[in-house]
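Asks: One structure coming up, written as C-alpha cells, with questions to follow.
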Amino acid sequence: MRNNPLVSVIINTRNRERLLPRAIRSVLAQTYRNIELVIIDAASDDNTSEIVKSFLDKRIIYFRQEFNISTAESYNFGMILAKGDYLAYLDDDDEYFPEKIEKQLLLFQSAPNDVGLVYCW
C-alpha cells in the first residue's frame with residue numbers, strides 16, 4: 001500500500017440542503033487529510049448546488065445529474081469519478097467522527113492482504 005493513499009468519499013444526495021452541510025463538514029474535518037469528496041446530486045430542485053459551492057475546498061468534486069437516478073446508480077457514478085485508492089461512503093443525512101478514515105486505513109494496513117473491506121457501526 002502507498003504511504004499516503006487517496007481516499008475518495010462518495011455522498012449521494014437529493015434535496016437535502018438542510019442536512020448535507022453537516023455531512024460535508026464531517027468529511028472535510030477528518031484527521032486523515034488526503035481525501036477527495038465526490039458529491040453526486042440526483043437532480044435536486046432545492047439549493048443543494050449552492051450549498052456545495054459554498055464550501056471552498058478543492059477536494060470537493062460535485063456533479064449534478066439531470067434526472068433523478070437511483071441511489072445505486074449515483075454511487076456507481078461516484079465510483080467512476082473517484083480517483084482514490086480507497087472508497088468510502090457517507091449518506092447525506094449522516095456524519096463521520098473525525099478519526100474515522102484514519103482508523104480504517106490503519107486497520108487496512110494491519111490486516112492480511114486478502115481483506116478487501118472494513119466497516120464500522
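Taken together, the values in this text are just the output of simple stated rules run on the coordinates, not laboratory data. The shown structure was predicted, so the numbers you read here are calculated from the model rather than taken from an experiment.
Asks: Mind listing the long-range amide H neighbours of TYR89? Cut-off is under 5 Å, sequence gap 5 or more, other chains count too, H placed in the peptide plane at 1.01 Å from N.
Replies: ILE10
Asks: Given H placed 1.01 Å from N in the peptide plane, which residues other than close sequence neighbours of ARG59 have an amide H under 5 Å from its amide H?
Replies: For ARG59, whose amide H was placed from the backbone, there are no distant partners under 5 Å.
Asks: Quick check on the chain: helices-only [θ] at 222 nm, where DSSP H runs of length 4 and up contribute -39,500 (n - 2.57) each and the sum goes over total residues. Nearest 500, please.
Replies: Values: 4 runs with 37 residues, N = 121.
Value at 222 nm, helices only: -8500 deg cm²/dmol.
Asks: Then there's this: Could you state the number of Å between the C-alpha centres of the stretch 60-100 and the stretch 1-31?
Replies: 8
Asks: I've got another one for you. Taking the structure as given and computing P(r) over Cα pairs in 10 Å bins from 0, in percent, which label from [x] 15, 52, 31, 3, 0; [y] 12, 44, 35, 7, 1, 0; [z] 13, 46, 31, 9, 1 fits?
Replies: [z]
Asks: Oh, and also: Residue separation times 0.36 nm, minus the C-alpha to C-alpha distance between GLU73 and GLU50: what's the value? Mind showing how you got there, number by number?
Replies: Values: separation 23, 0.36 × 23 = 8.28 nm, distance 2.29 nm.
This chain segment gains 6.0 nm when fully extended.
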